[in-house]
Amino acid sequence: MAVWVLGGRLGLRRCLGACRLPCPRFQSRGSPGVEDGDRPQPSSKTPKIPKIYTKTGDKGFSSTFTGERRAKDDQVFEALGTTDELSSAIGFAMEFIAEKGHPFVEELEKIQCSLQDVGSALATPRSSAREAHLRHTTFETGRILELERWIDKYSSQLPPLTAFILPSGGRSSSALHFCRAVCRRAERRVVPLVQMGETDANVAKFLNRLSDYLFTLARYAAMKEGNQEKIYKKNDPSD
């Protein structure tokens, strides 16, 4: 089970990892000679471990942050799911990037956090949101401006584009190109919600700028790792 809340998606799996009690058979039996009645007894205040499944979505419906129940194939959940997929793709790419010691891994982690906030905004459809909901889920333009600064920083160090680039350039670069493609799909899922007035237009702007950032970063990663990017060449049937 996962619930979209203020600030992003709350995964109960993390809570389980922090709260799970050790299996009794691995617990210490105590010092020799200590009677059972002398051992500390379990506290009645021990928190109950929540289950990862709730069964509330078994009929194909889920809840938004506003409490509205919608079908799981609703446009809101399509956008939410694709945004989640994008964050997962970035996390996968970060493993390759961290192996190479690239400092921009910190930027990607910050972007993952911003995507959690994108999820909060998407999970708050304006047609059913109260003013209090909107105050807590507004997506600020500062995130967009930050991406633009990062794009300009890396672009200034890259050779100018003279041809179409194919996804390539090593593992880090190729993984970032994949993230870019997922980001474009997330943007396509969000745009209809913006047009219907269901979500903040800044969310679509952020995803649009993010895809440009991921493209630029993919090129930069290839350059820093000394890998050659593959260039598009028109196929000649006579060859």
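Annotations for the structure displayed:
- Share of carbon and sulfur in the accessible heavy-atom surface of the stretch 113-239 [1.4 Å probe, %]: 51 percent
- The 3J(HN,Hα) values that the Karplus relation (6.51, -1.76, 1.60; θ = phi - 60°) gives for the stretch 138-144 are, in residue order, 4, 9, 7, 6, x, 5, 5 Hz. Gly and Pro appear as x.
- The spacing between the stretch 180-208 and the stretch 148-178, judged by their C-alpha centroids, is 22 Å.
- Nearby aspartates and glutamates by direct alpha-carbon distance to residue 55 (threshold 18 angstrom, same-chain neighbours under 8 apart not counted): 68, 73
- The trypsin sites (Lys or Arg not before Pro) of the stretch 110-179 meeting both criteria, a DSSP state outside H, G, I, E and B (loop) and at most 14 other C-beta atoms within 10 angstrom of the site's C-beta, are 130.
- Plainly put, the stretch 43-177 has a radius of gyration that is 1.07 times its Kirkwood radius, both from alpha-carbon atoms, as the Rg/Rh ratio.
- Measuring against 22 Å, Cα to Cα, the residue pairs 153/233; 110/205; 205/230; 51/110 contain 153/233; 205/230; 51/110 as the ones spanning a longer distance.
- With the biggest extent put first, the Cα atoms of the stretch 114-232 measure 52, 23, 22 Å across the principal axes.
- Reciprocal mean inverse distance between Cα atoms of the stretch 118-160 - Kirkwood radius, Å: 12.6 Å
- Chymotrypsin sites (Phe, Trp or Tyr not before Pro) restricted to the stretch 147-234 and DSSP loop, no more than 12 other C-beta within 10 Å: 164, 232
The values are calculated or read from the model by the stated rules, or taken from the named source; none is laboratory data. All figures in this text were calculated on a predicted structure; none of them were measured in a lab. Here the Cβ is made from the backbone with ideal geometry for all residues, glycine too, and neighbour counts use every protein chain on show. These accessible areas exclude ligands, DNA and RNA; they are computed on the full protein's heavy atoms, side chains included. Shrake-Rupley method; radii C 1.70, N 1.55, O 1.52, S 1.80 Å.
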